[in-house]
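Colleague: The following block contains the structure, expressed as structure tokens.
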Amino acid sequence: MKQIWFAVCLAAGSVLTPGIASADSPSEALLQEMGKASQTLNYEMGFINITKQGIDSFRYRHAVSHQTPLAQLVLMDGPRREIVQRGKDISYFETGLQPFTLDGDHIVDSLPSIVFSDFTLLTKYYDFIAVGRARAADRLSQVIRVVSRDGTRFSYVIWIDEQTKLPMRVDLLDRDGETLEQFRVISFDEGQQVIGTVVDLEKASLPPVLSLPASEQVKFDWQIKWLPDGVTEVASSRRNLPNMPVSIESRLYTDGLFSFSVNINATTSGPSEQLIRQGRRTVQTEIRNGNEITVVGELPPSTAKRIAESIVFSAK
């Protein structure tokens, strides 16, 4: 599977029917309904992802057969790329690459991650604001805005179909309100007939589950003194770069919606600083006291910079 570090995006406007912002509770309940519908209903949707790199089109099918979730995601243009789900197995097929399977609850590639989020946890750090009603994919939708309370992260605007509660459109916005990425449904069908399109997955021969190496228990001599509210560490590792005598120490963080990593390695280069921002991805690098500090992930540049500057090293 190709790892794409930088996703670049196209700004896209939106026209909404103005509405009165409601209390958090009804909006949170609607978002929870969206998450449940996405993983329990039988449906098929054609959608596009719009970024500054261009427009990619996909077909996504989801069904539940004999209490087993079945799903298929297909890239509709260029070399065939397909991801299928059967229960907890997520299998990847791509031209020129060896197929493999990973454990997972749902397909995450090319689908908005916010759809599968735990909103009961996010409500502590994000406001859920009802914007009004609008049409998306020729269906009436309720529009909800998801905004971080401390202003250190991106925000979302989500169009939720009034009938099925499925997402019809999802915009990712920066802190200035510019659209960074857009998920947009262009065709839609739902009902029992969708099961027939994916039922063959129940008996399909899938590639073996990829065995991941056991994580090493590591202790680092550096700490991060500032993180946005709600962000927690979910993994840490120390690894060597291929063909290079350089060890990189990494910590992975998430708030349940956005994720990023902090990576540190020794260097002989002098003090410097560099910032690269492409869409939702920011890479903040600075060299300090013989250490190269790199923050990579779904963060606004000012947030990535503040995290990097807060890192302190223990005296050796």
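The values are calculated or read from the model by the stated rules, or taken from the named source; none is laboratory data. Only a predicted model underlies this, so the values are computations on that prediction, with no experimental measurement involved. Neighbour counts run over all protein chains shown; Cβ positions are idealised from the backbone, glycine included. Heavy atoms of the whole protein, side chains included, go into the accessibility calculation; ligands, DNA and RNA do not. Shrake-Rupley method; radii C 1.70, N 1.55, O 1.52, S 1.80 Å.
Colleague: Answer yes or no: is there a residue in the stretch 303-312 that is open to solvent by 70 Å² or more (accessible area, probe 1.4 Å), among the aliphatic types (A, V, I, L, M) and closer than 28 Å to residue 115 by Cβ.
Modeller: no
Colleague: If you go through the stretch 268-281 one residue at a time, do you hit one that is open to solvent by less than 20 Å² (accessible area, probe 1.4 Å), under 19 Å from residue 152 (Cβ atoms) and out of contact with any His (no Cβ under 9 Å at 6 or more places or on another chain)?
Modeller: Taking every residue of the stretch 268-281 in turn, at least one turns out to be open to solvent by less than 20 Å² (accessible area, probe 1.4 Å), under 19 Å from residue 152 (Cβ atoms) and out of contact with any His (no Cβ under 9 Å at 6 or more places or on another chain).
Colleague: Please count how many residues of the stretch 102-130 are assigned to a strand (DSSP E or B) and surrounded by fewer than 18 Cβ atoms within 10 Å (Cβ to Cβ).
Modeller: Summing the residues that are assigned to a strand (DSSP E or B) and surrounded by fewer than 18 Cβ atoms within 10 Å (Cβ to Cβ) in the stretch 102-130 gives 3.
Colleague: Going through the stretch 21-34 one residue at a time, which ones are open to solvent by 10 Å² or more (accessible area, probe 1.4 Å) and either within 27 Å of residue 68 (Cα to Cα) or at pLDDT 95 or above (or both)? If you could, list the steps in order and put the result at the bottom.
Modeller: Filtering the stretch 21-34 for residues open to solvent by 10 Å² or more (accessible area, probe 1.4 Å) gives 21-26, 28-30, 32-33.
If the condition is that a residue be open to solvent by 10 Å² or more (accessible area, probe 1.4 Å) and either within 27 Å of residue 68 (Cα to Cα) or at pLDDT 95 or above (or both), then 28, 29, 30, 32, 33 are the ones that fit.
Colleague: For the structure I just gave you, tell me whether residue 251 is surrounded by fewer than 18 Cβ atoms within 10 Å (Cβ to Cβ), without any contact (Cβ under 8 Å) to a residue 60 or more places away in the chain and part of a strand (DSSP E or B).
Modeller: Here the answer is no, as residue 251 does not meet what is asked.
Colleague: Moving to a separate point now. Would you confirm, using the coordinates I've provided, whether residue 183 is within 29 Å of residue 97 (Cα to Cα), part of a strand (DSSP E or B) and in contact (Cβ under 8 Å) with a residue 60 or more places away in the chain?
Modeller: So residue 183 passes the test.
Colleague: Output the residues belonging to the stretch 69-108 that are among the acidic types (Asp, Glu) and in contact with a Lys or Arg (Cβ under 9 Å, 6 or more places away or on another chain).
Modeller: Within the stretch 69-108, 94, 103, 105 qualify.
Colleague: Those residues that are without any contact (Cβ under 8 Å) to a residue 60 or more places away in the chain, open to solvent by 60 Å² or more (accessible area, probe 1.4 Å) and either outside any strand (DSSP E or B) or aromatic (Phe, Trp, Tyr) (or both), I need them from the stretch 131-152; list them, please.
Modeller: The answer is 138, and nothing else.
Colleague: Now, a different point. How many residues does the stretch 28-75 contain that are β-branched (Val, Ile, Thr), in a strand (DSSP E or B) and out of contact with any helix residue (DSSP H, G or I) (no Cβ under 9 Å at 6 or more places or on another chain)?
Modeller: The number of residues fulfilling the criteria is 5.
Colleague: Restricting the search to the stretch 153-182, which residues are crowded, with 21+ Cβ neighbours inside 10 Å, of a type in the set (Val, Ile, Thr) and over 19 Å from residue 43 (Cα atoms)?
Modeller: 157
Colleague: Within the stretch 76-97, which residues are touching a residue at least 12 places away in the same chain (Cβ under 8 Å) and in a loop (DSSP other than H, G, I, E, B)?
Modeller: Selection gives 76, 77, 79, 80, 87, 88, 95, 96, 97.
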